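The block underneath contains the structure these notes are about, expressed in structure tokens.
No lab work stands behind these numbers, since they all come straight from the coordinates. Remember, it's a predicted structure, so these values are computed and weren't measured experimentally. No Cβ is skipped: glycine too gets one built from the backbone with ideal geometry, and neighbour counts run over all protein chains shown.
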Amino acid sequence: MGVSIRTAGEGDRELIVRLLDEAFQDDPVSGWVFPGAEDRRSHHPGLMAAFTDIVLEAGRIDVTEDGSACALWMSVPADDHDGDAEDDGPAQVRQAVDPDNERIEQIGRLTAAIHPSGRAHEYLWMIGVAPGRQGEGLGTALIESVLHRCDREGLPAYLEASNARSRKLYERLGFEPSGPVLDLPEGGPAMWPMWREPRAHKA
């Protein structure tokens, strides 16, 4: 039985924010950005809201029809300079979410610095599955729907895996390591940049 997927709109904002907050509460990178459990409960939803707003405006969010999983995608042009030092996006997110937490800005700058440039590609910013629905193939269905389009259009895809479990999923979908592992400072977790070349499309 297939998974029904639709494109999210502004009316889905609260659903997406809540879904991402629940899905990433125990993620290693979220735990590094917000090391205290109480602080994470307080400020994590705001960070997920900031990410949701950015992608609703400039990218695309796919969501399963039942609202149990979502994927945030950005189409990156060939001439994009994601890692530009003058990019104040990470600083703006920090200011909006929690000005006292420098790690909010730091994670944005670190991931931007390793983002490949020079070729247009689809960037899987985040994918979240409700905790009670993980392991049902919802994430795979969301990603594959975009990868099929990438293959038709000859576009590569890129992401950063934030834990070993997701990295194995991405490997099964054709992603391969791209550049050195990003070890977050101060004893933080690793993030694995991964790249997928388009596959020959069969009509």
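Here the chain is treated with +1 on each Lys and Arg Cβ and -1 on each Asp and Glu Cβ, and its dipole about the Cα centre works out to around 900 debye. Loop-located GluC sites (Glu not before Pro) in the stretch 152-203 (DSSP state other than H, G, I, E, B) with a sparse environment of at most 10 neighbouring Cβ atoms within 10 Å: Glu186.
Along the axis of the charge dipole computed for the chain (Cβ charges of +1 for Lys and Arg, -1 for Asp and Glu, origin at the Cα centre), the listed residues Ser42, Ser145, Ser178 are led at the positive end by Ser145.
In which sequence would Thr111, Thr52 go, from the one with the fewest C-beta neighbours within 10 Å to the one with the most?
Ordered by Cβ neighbours within 10 Å, fewest first: Thr111, Thr52.
Each residue, Arg119 and Asp66, gets one label point 7 Å from its Cα in the Cβ direction; the gap between the two is 3.7 nm. Electrostatic bookkeeping for Ala49 treats Lys and Arg as +1 and Asp and Glu as -1; over the other residues with beta carbon under 15 Å from its beta carbon, the sum is -3.
Positive contributions from Lys and Arg (+1) and negative ones from Asp and Glu (-1), summed over other residues with Cβ under 12 Å from the Cβ of Thr64, come out at -3. In this simple spin-label model, placing a label point 7 Å from the Cα along the Cα-to-Cβ direction at both Thr7 and Arg41 gives a separation of 3.8 nm. A DSSP coil position with no more than 16 other Cβ atoms inside 10 Å describes the following GluC sites (Glu not before Pro) in the stretch 1-104: Glu65, Glu86. Kirkwood analysis of the chain, using all unique Cα-Cα pairs, places the hydrodynamic radius at 17.3 Å.
Between exposed trypsin sites (Lys or Arg not before Pro) in the chain, where DSSP calls loop and at most 15 other Cβ atoms lie within 10 Å, what's the longest gap?
1-118
When you restrict to C-alpha pairs under 8 Å that are six or more residues apart and normalise by the size of the stretch 5-196, the relative contact order lands at 22 percent.
Once the chain from Ala164 to Ile54 is taken as fully extended at 0.36 nm per residue, the excess over their C-alpha distance is 36.9 nm.
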